[in-house]
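Q: Next up is a structure, given as structure tokens.
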Amino acid sequence: MDIPDYDKALYYTLWGQWDDLLVLMVRTQDDMLSKKIQNFLHAYHYSLDEQRIVQSHENLLYYIDHAMKYTPAAVMEV
């Protein structure tokens, strides 16, 4: 069974598996998801501003939620 990238991204983000999230960032075909992951990981590792880290985390979760709503059911069942 192939798990869509959005499910993986949500799981890795919620459970703090940053290494797996980085691998997903490189392998996904969704450029927007890749960019959101990149922004979050960069803020998490290099930013001293906690508000920027929280904002990038929320942006990533919002995009994942949005993308999962519009993913065709056939893709989710495969």
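Q: Across 5 Å bins from the origin, how do the percents of Cα pairs in the chain run, short distances first?
A: 3, 16, 28, 26, 16, 7, 3, 2, 0
Q: May I pose another question? Per residue, how big is the convex hull of region 22-65 when only Cα atoms are used? Give it in Å³.
A: Taking the convex hull of the Cα positions in region 22-65, it is 52 Å³ per residue.
Q: A further question on this structure: Can you give me the angle between helix 5-15 and the longest principal axis of the chain, using Cα atoms only, in degrees from 0 to 90, rounded to the nearest 10?
A: 40
Q: Note down the relative contact order for region 5-77 as a percent, whole number, built from C-alpha pairs under 8 angstrom at least six residues apart.
A: Computed value for region 5-77: 29 percent relative contact order.
Q: Placing +1 on the Cβ of each Lys and Arg and -1 on the Cβ of each Asp and Glu in the chain, which of 28, 15, 51 has its Cα farthest towards the positive end of the resulting dipole?
A: Of the options given, the answer is 51.
Q: Between helix 31-46 and the chain, what is the angle of the helix's C-alpha long axis to the longest principal axis, kept within 0 to 90° and rounded to the nearest 10?
A: The angle comes out near 30 degrees.
Q: Rank by packing, highest mean first: peptides 35-42, 14-21, 57-64, 46-53, with packing defined as the count of other Cβ atoms within 10 Å averaged across residues.
A: Values: 35-42: 18.2, 14-21: 12.8, 57-64: 16.5, 46-53: 11.0.
Highest to lowest by the protection proxy: 35-42, 57-64, 14-21, 46-53.
Q: Okay, next question. When the helices in the chain are scored as -39500 (n - 2.57) per DSSP H run of 4 or longer and the sum is shared across all residues, what 222 nm value do you end up with, to the nearest 500 deg cm²/dmol?
A: It lands at -25000 deg cm²/dmol.
Q: Per 0.36 nm of contour for each residue apart, how much would the distance between residue 52 and residue 65 grow if the chain were fully extended, relative to their Cα-Cα spacing? The partial results should precede the final answer.
A: Numbers: separation 13, 0.36 × 13 = 4.68 nm, distance 1.99 nm.
2.7 nm is the gain from fully extending residue 52 to residue 65.
Rule-based calculations on the coordinates, nothing more; no lab input. Because the structure is predicted, anything quoted here is derived from the model rather than measured. Note that we place each Cβ from the backbone using ideal geometry, even for glycine, and neighbour counts take in every protein chain shown.
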